[in-house]
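What follows is a set of notes on a single structure, which appears directly below.
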Amino acid sequence: MLSKKKLGTILDEIAEKEWSVIDDLFPSDFLEELKAEVRQFWEDGDFRKAGVGIGDSLTVRPEIRSDRVLWLDNAQLTPLQKQYWDFIEQLRTEINQNFFAGLKFFEAHFAVYPAGSFYKKHLDQFKEVNYRKITCLLYLNDDWTQADGGQLRVYHPGDETQFTDVIPINGRFVCFKSGSVYHEVLPSKRERFSLTGWLRTN
Ligand code: OGA
Ligand code: MN
């Protein structure tokens, strides 16, 4: 599904600045079908309020994040999810070969930000544990523009007075180092869909 050239671009960007944004990675029929799948789960009421923290300290904190999530079951992936996992597997192999990262597997959830929701500035590692190494985001939205809000604000590692606002347009793939790249989701004015996952160690 993926050209070596685009995979190389992602790796170069991560090596250079710790985060990467790339478009046109996936065929449009794959994206259309995945968009339909996530909307079906959403209409079926399968999503839950997202929490903050891990284990006993996992709590719903609407003042920090107000999205809804549906965790995917690695043992029961749909054919479309399996295709995405295959792509991530190529990325994982490549990152391990180039950065000796010891990435073992991938965990992911669909996320929906209903109109008005956001996720305040944070890192994707918990205070207690740091097994999440690389965050991978795939946006699944129709015709998103700046005016719709919901941008991913990426704070530049090394100088957090600088940031880049990434618009969650359809098919855009973003990845970054989970432990060092601060980021937030600005308030979204429309229902915003994504598939969010983490390459992690054990
Ligand atoms: C997250 C997150 C960003 C986004 O779920 O941890 O930061 O753009 N998501 O959805
Ligand atoms: Mn995050």
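The values are calculated or read from the model by the stated rules, or taken from the named source; none is laboratory data. Only a predicted model underlies this, so the values are computations on that prediction, with no experimental measurement involved. Don't worry about glycine lacking a Cβ; one is built from the backbone with ideal geometry, like all the others, and counts go over all protein chains shown. SASA here: full protein model, heavy atoms, side chains in, ligands and nucleic acids out. Shrake-Rupley method; radii C 1.70, N 1.55, O 1.52, S 1.80 Å.
Overview of results
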item: Heavy-atom accessible area ranking, 1.4 Å probe, most first, across D67, D86; result: D86, D67
item: Shape category assigned to the stretch 1-96 from the gyration tensor of Cα positions, a/c cut at 1.5; result: oblate
item: The stretch 154-200-the stretch 1-69 distance, computed between alpha-carbon centres (Å); result: 9 Å
item: Förster radius 41 Å - calculated FRET efficiency between N202 and S3 (Cβ-Cβ, nearest 0.05); result: 0.85
item: The stretch 50-110: C-alpha gyration tensor shape, a/c 1.5 cut-off, then a/b vs b/c; result: oblate
item: Accessible surface ranking that places the most exposed of K127, K5, K17, K49 first, with a 1.4 angstrom probe; result: K127, K5, K49, K17
item: Nearby lysines by direct alpha-carbon distance to K49 (threshold 22 angstrom, same-chain neighbours under 8 apart not counted); result: K35, K120, K121, K127, K189
item: Whether the stretch 92-181 is rounded, prolate or oblate, judged on the alpha carbon gyration tensor where a/c under 1.5 counts as rounded; result: prolate
item: Estimated distance in nm for a label pair at I169 and D12, the labels positioned 7 Å out from Cα along Cα-to-Cβ; result: 2.0 nm
item: Label-point separation, Q97 to F126 (7 Å along Cα→Cβ), nm; result: 3.3 nm
item: All-pairs alpha carbon distance profile, the chain, 5 Å steps from 0, percent; result: 1, 7, 15, 21, 22, 19, 10, 3, 0
item: Size of electric dipole in the stretch 21-135: Cβ of Lys, Arg +1 and of Asp, Glu -1, about Cα centre, debye, nearest 20; result: 660 debye
item: Selection from F41, L58, W19, by position along the positive dipole direction of the stretch 1-69 (Cβ); result: L58
item: Point-charge dipole on Cβ atoms (K/R +1, D/E -1) for the chain, about Cα centre, debye to 20; result: 500 debye
item: Surface share of carbon and sulfur [accessible, 1.4 angstrom probe, percent] for the stretch 81-202; result: 50 percent
item: Difference of contour (0.36 nm per residue) and Cα-Cα distance, Q76 to E63; result: 1.4 nm
